[in-house]
Amino acid sequence: MTSLIEKTIDRRGFLRMSSGVALSAGALALLGGHSALAAALPAVAAHDIGILNVEVALEYEGIAAYGIALKSGLLKGDTIKVATKFQGDHKQHNNLLISTIRKLGGEPVMEKTESEYAKALSVDKLKNQSDVLMLALTLELGAANAYLGVIPAFKDPQLARIAARIAADEATHWATLNAALGKPFMPALGFGA
């Protein structure tokens, strides 16, 4: 079974890989489900939409993870408020990304079911609040690194600014969760790694 750290590294690797080459219309079709639309987009927009759609998928995962955590009954006190706030941040990020994709003429990827996210995140192994926070910590580090990794890949500099702003939010989430767990400040894998 793949660990969360390995999944995080795999996601970052995919984002780095996609930053080096423009995504084909076929790849965009897999991401967005609309091959005719993808083929009609200018190459620059198609490239950026492909990256944005990977980010949308990451945001959906974050939204689902916090939703599952909030329903689990494992979170207590102020941690519930923090999880609710962070889930709201991910929803705002996703709304911005989806709106941007549509403005560029693309179609955003579809959200998976909660049970698909639960299985992928192995939430059945979460036994207490610390387990939930560790999962969230890992996801936030992965998201921050994913956003940092794609900043130079965008053809449109405005999109790089959006990614940088969201990366800062993800790093703030990571720092907050890290402090709640009483861990040393520097992430094991480092930001931007």
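The values are calculated or read from the model by the stated rules, or taken from the named source; none is laboratory data. Everything quoted here is computed from the prediction, not taken from an experiment. No Cβ is skipped: glycine too gets one built from the backbone with ideal geometry, and neighbour counts run over all protein chains shown.
Just a few scattered comments:
- Selection within the range 81-112 - of a type in the set (A, V, I, L, M) and surrounded by 15 or more Cβ atoms within 10 Å (Cβ to Cβ): Val82, Ala83, Leu96, Leu97, Ile98, Ile101, Leu104, Val109
- Given (1) of a type in the set (S, T, N, Q); (2) within 12 Å of the chain's Cα centre (by Cα); (3) on the phi > 0 side of the Ramachandran plot, number of the condition Thr138 does not satisfy: (3)
- Only one entry of Asn95, Asn178 meets the criterion of being among the polar types (S, T, N, Q) and either in contact with a Ser or Thr (Cβ under 6 Å, 6 or more places away or on another chain) or over 30 Å from Ala46 (Cβ atoms) (or both), and that entry is Asn178.
- Residue that is surrounded by the most Cβ atoms within 10 Å (Cβ to Cβ), among those in the range 46-80 that are under 14 Å from Glu140 (Cα atoms) and of a type in the set (Asp, Glu): Glu55
- Scan of the range 102-131 for residues that are touching a residue at least 60 places away in the same chain (Cβ under 8 Å) and either in contact with a Ser or Thr (Cβ under 6 Å, 6 or more places away or on another chain) or closer than 29 Å to Arg165 by Cβ (or both), ordered by number: Leu104, Gly105, Gly106, Glu107, Pro108, Val109, Met110, Ala120, Leu121
- Lone qualifier among Leu141, Leu135 - being crowded, with 20+ Cβ neighbours inside 10 Å, modelled with pLDDT of 95 or more and more than 16 Å from Asp78 (Cβ to Cβ): Leu135
- Given (1) more than 30 Å from Gly73 (Cβ to Cβ); (2) of a type outside the set (Gly, Ala, Ser); (3) part of a helix (DSSP H, G or I), number of the condition Lys155 does not satisfy: (3)
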